[in-house]
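Notes follow once the structure below has been shown.
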Amino acid sequence: MLLLVALAGAAGAAADPEASATRCEPAGACGDTAPEAPVETWVDDSYAYVTSRTDSLAVWLDSFFGTVTSDMESADSVLRLRTDFEWDEEDGEDYKVRLRGKVDLPRLDERLSLVFSEEDEEREEVIPNSAGHDDDVGLQYRVRERQSSRLWFTVGTNASLDFKSSLRYKYVEPIGDDWRVQFSERLYFKEGDGFGTITRGDLDYLISRDRIVRWTNQAEYGEETDGVEWGTRLSYQLRLSEKDALSYFGAIAGETDPEYLTQSYALGVRYRRNFLRPWIFLEIEPSYAWRRESVEESRSSVWLLTLRLEFLEELRNRRAQRPRDEADRQTVD
């Protein structure tokens, strides 16, 4: 684990142009050569995503809450070391230590990254407490970057040494200042499970400069899925300050085979706070679920609780790239 964190630091130093640049003091000591104009790369182009007030707040909230997609799509290296305590009224307690994020490998290729994630973690963004227990590690290659779309190819494995690969496309489009739509499609292959596809759509609406409503829908279909496994989630997210945020959510999940079944309904709240240092976060997420695994079972009502301590390593603070005063200037009262 420490080796991976050290790797992140080394990769970050390699990616930081100021770390390797020759410094000339006093000014002019290196001669009269005029500085070259900076060359725009995919890193600069990635910030073109943020083109409206809705984008600005949505990007800040995704980065603050540490969503899977936000980290995987970051222009810089991001690593999160998480320690989770999970309590389920039916299943009892569970403890997890997880490493997640990506480390850019600029000395090999500027588009290549080493990625760490947890199996089905993206599903957990829609359906609470649905992530798997296998840790994935792989290589991610950015095939194409455009102002409003991205394409990635990933190969990797998990703790069981199962081979995995996927091709993921994402499209983002602001609609005026108050709306934003996102669409993503992921085609995957996993050894033992075969081929499959995951389709996801997000619709964001800006209520005020610190409040946003997001409606997320996701459907997965594959050789080993129970028909179409689907989920929908409605969340109301608030930026309370630069150090804490809150999200209220409701979620529904189900499947279509062998019979159409709505497996779970859930209501919950998630509170996250930056604590002591800029790289330490505390999180609490209580929720209440009504669930069943088959049509023959009666639905049970259970309480769930997640407590999380997180240590963050990132090259630059993404939450500072669109400061509050800029968002305020864009806001028309």
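Every residue in the stretch 196-209 that is closer than 18 Å to ASP55 by Cα, surrounded by fewer than 20 Cβ atoms within 10 Å (Cβ to Cβ) and either modelled with pLDDT of 95 or more or of a type in the set (Val, Ile, Thr) (or both), please. Across the stretch 196-209, the qualifying residues are GLY201, LEU203, TYR205, ILE207.
What residue, among those in the stretch 48-75 that are part of a loop (DSSP other than H, G, I, E, B) and in contact with a helix residue (DSSP H, G or I) (Cβ under 7 Å, 6 or more places away or on another chain), is modelled with the lowest pLDDT? Filtering the stretch 48-75 for residues that are part of a loop (DSSP other than H, G, I, E, B) and in contact with a helix residue (DSSP H, G or I) (Cβ under 7 Å, 6 or more places away or on another chain), the one modelled with the lowest pLDDT comes out as VAL50. Look at the stretch 163-190: where a residue is crowded, with 18+ Cβ neighbours inside 10 Å and a partner is of a type in the set (Gly, Ala, Ser) and part of a strand (DSSP E or B), sitting 6+ places away or on another chain with Cβ atoms under 6 Å, you get LYS164/GLY156; LYS170/SER184; ARG186/SER166; TYR188/SER166; TYR188/GLY196. Picking from residues in the stretch 280-297 that are of a type outside the set (D, E, K, R) and loosely packed, with under 15 Cβ neighbours inside 10 Å, the one that is farthest from the chain's Cα centre (by Cα) is VAL295.
Within the stretch 164-195, the only residue that satisfies the criterion of being in a loop (DSSP other than H, G, I, E, B) and either within 18 Å of ALA219 (Cβ to Cβ) or at pLDDT 95 or above (or both) is ASP193.
The residues listed here are VAL269, VAL295; of these, the one that is at pLDDT 85 or above and more than 23 Å from LEU57 (Cα to Cα) is VAL295. Taken as a whole, the structure leaves GLU313 outside the set of residues that are under 30 Å from GLU229 (Cβ atoms), at pLDDT below 95 and surrounded by fewer than 19 Cβ atoms within 10 Å (Cβ to Cβ).
Only one of the numbered conditions (1) modelled with pLDDT of 90 or more; (2) β-branched (Val, Ile, Thr); (3) farther than 21 Å from ARG98 by Cα is not met by THR331, and that is (1).
The values are calculated or read from the model by the stated rules, or taken from the named source; none is laboratory data. Being a predicted model, the structure only gives us computed values, none of them experimental. So basically every Cβ, Gly included, is an ideal-geometry build from the backbone, and we count neighbours across all protein chains shown.
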